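Take a look at the structure below.
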Amino acid sequence: MKKTLLLSALLLSQLAFAEVAVIVHPSNNNALDEATVAKIFLGREKSFADGKSVVPVSLSETASASSAFNDTVLKKSSSQLKAYWSKLVFTGKGTPPKEITSDEEMIKLVATNPSLIGYVDASKVDASVKVALKF
């Protein structure tokens, strides 16, 4: 019984600390850090360092990478993020990122559009996109 509980706890802790990858189109050569990514996803930055337009795309809140991204990069819980965007939308100062339901859909979208930036579970990344940052 104790071994089962310990094993379960270890597996759950590994899932909770799954690595998240911020992905961009393979042609994107912009250097990105956590602060810049946060500004992009909070609507405070509208272009990459090279001046090209940037469009953030988020995973739905049911995706495990979503809560990890929100907590680590944006420093906000799901409810705090909803309140943040509600205020910006109400005042006409911003629009939240489009939400995607799966890592696979996110990868397909980012691979086909150089303006997009998204994030996925790092274990799902393939050669069709470029990893800009991992955490």
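The values are calculated or read from the model by the stated rules, or taken from the named source; none is laboratory data. Being a predicted model, the structure only gives us computed values, none of them experimental. Using ideal geometry, Cβ is built from the backbone for each residue, glycine included, and neighbour counts are taken over all protein chains shown. Accessible surface is based on the protein model in full, side chains and every heavy atom, while ligands, DNA and RNA are left aside. Shrake-Rupley method; radii C 1.70, N 1.55, O 1.52, S 1.80 Å.
Residue-level check: of (1) touching a Lys or Arg at 6+ places or on another chain (Cβ under 9 Å); (2) modelled with pLDDT of 95 or more; (3) open to solvent by 80 Å² or more (accessible area, probe 1.4 Å), Ser128 misses just (3). The condition of being in contact with a strand residue (DSSP E or B) (Cβ under 9 Å, 6 or more places away or on another chain), part of a loop (DSSP other than H, G, I, E, B) and open to solvent by 80 Å² or more (accessible area, probe 1.4 Å) does not hold for Glu99. Note on region 60-96: residues that are aromatic (Phe, Trp, Tyr) and within 20 Å of Leu116 (Cα to Cα) amount to 2.
The residue of region 35-80 that is most open to solvent (accessible area, probe 1.4 Å), among those that are in a loop (DSSP other than H, G, I, E, B), in contact with a Leu (Cβ under 9 Å, 6 or more places away or on another chain) and over 22 Å from Lys108 (Cβ atoms), is Ala49.
Any residue at all in region 120-130 that's within 17 Å of Val24 (Cα to Cα), in contact (Cβ under 8 Å) with a residue 12 or more places away in the chain and touching a His at 6+ places or on another chain (Cβ under 8 Å)? For region 120-130, residues within 17 Å of Val24 (Cα to Cα), in contact (Cβ under 8 Å) with a residue 12 or more places away in the chain and touching a His at 6+ places or on another chain (Cβ under 8 Å): present. One residue stands out in region 81-96 among those that are closer than 28 Å to Ser123 by Cβ and of a type outside the set (Lys, Arg): the one that is surrounded by the fewest Cβ atoms within 10 Å (Cβ to Cβ), namely Pro96.
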